[in-house]
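Working notes for the structure below.
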Amino acid sequence: GGSALYMASDGAFIAHSSATKYKTNIERSSTTELGDKLLTLDLASWNDKDEDRQLKEYNENGKPTDYAIDMDGARYYGLIAEDLVKADLEEFVVRNTITGSVESIQYDKIGVAWIPLVRQQRDMINQLKFEIEKIKEKIDE
């Protein structure tokens, strides 16, 4: 069936459940605030530090890599977790439960934040189409 999983700080795998029977204190929102904040972020690209280390050791002394890596030094693309913190988007950030340090981004939640913004854009486009049709009708008269 396919439920998304996440790993808890103790190593346990926990399913993300979407049904209301698994939730309390549900609050719905149509605000575009999160989507607007996401639009302030710049995309980033980077090399993975551990893969770089392994590639360097392999190239210098032939040491086999610990796991399969791109031997050409692949670049990754996405967002930087600390940038989300700076943009007040903490709800998408994963922190170490012991140290509180920033660890990663909950990318699976970002798409949902776009829904109100996309809805707003759709409504504005539809309004503009309507106004254009009215103008066309006046021109054709």
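Remarks
- Within the range 53-74, residues that are without any contact (Cβ under 8 Å) to a residue 24 or more places away in the chain reach partners that are surrounded by 11 or more Cβ atoms within 10 Å (Cβ to Cβ) and among the basic types (K, R) with beta carbons closer than 6 Å, at six or more positions or on different chains, in the pairs E57/K63.
- Residue in the range 3-21 that is among the charged types (D, E, K, R), surrounded by 10 or more Cβ atoms within 10 Å (Cβ to Cβ) and either without any contact (Cβ under 8 Å) to a residue 12 or more places away in the chain or in a loop (DSSP other than H, G, I, E, B) (or both) present: no
- Against the conditions (1) in a loop (DSSP other than H, G, I, E, B); (2) more than 30 Å from R119 (Cβ to Cβ), S29 satisfies every one except (2).
- Pair list, Cβ under 7 Å, 6 or more apart: the range 26-47 residue farther than 16 Å from K109 by Cβ and modelled with pLDDT of 95 or more, other residue among the aliphatic types (A, V, I, L, M) and part of a loop (DSSP other than H, G, I, E, B): T40/A87; L43/L79; A44/L79; A44/I80
- Each residue in the range 59-91 was checked for being open to solvent by less than 100 Å² (accessible area, probe 1.4 Å) and part of a helix (DSSP H, G or I), and 7 of them qualify.
- Residues satisfying the stated conditions in the range 92-130, i.e. of a type in the set (D, E, K, R) and either assigned to a strand (DSSP E or B) or over 18 Å from the mean Cα position of the chain (by Cα) (or both): R95, E103, R119, R122, D123, K129
- Within the range 92-110, the set of residues being surrounded by 11 or more Cβ atoms within 10 Å (Cβ to Cβ), under 19 Å from H16 (Cβ atoms) and not polar (S, T, N, Q) comprises F92, V93, V94, R95, E103, I105, D108, K109, I110.
- Residue within the range 78-99 that is aromatic (F, W, Y) and in contact with a Phe, Trp or Tyr (Cβ under 9 Å, 6 or more places away or on another chain) present: yes
- Enumeration of residues in the range 88-105 that are within 20 Å of W46 (Cα to Cα) and in contact (Cβ under 8 Å) with a residue 24 or more places away in the chain: I105
The values are calculated or read from the model by the stated rules, or taken from the named source; none is laboratory data. Since the structure is predicted, the reported quantities are computational estimates derived from the model, not experimental observations. Here the Cβ is made from the backbone with ideal geometry for all residues, glycine too, and neighbour counts use every protein chain on show. Ligands, DNA and RNA are stripped out before the accessible areas are found, and what is left, the full protein with its side chains, is counted by its heavy atoms. Shrake-Rupley method; radii C 1.70, N 1.55, O 1.52, S 1.80 Å.
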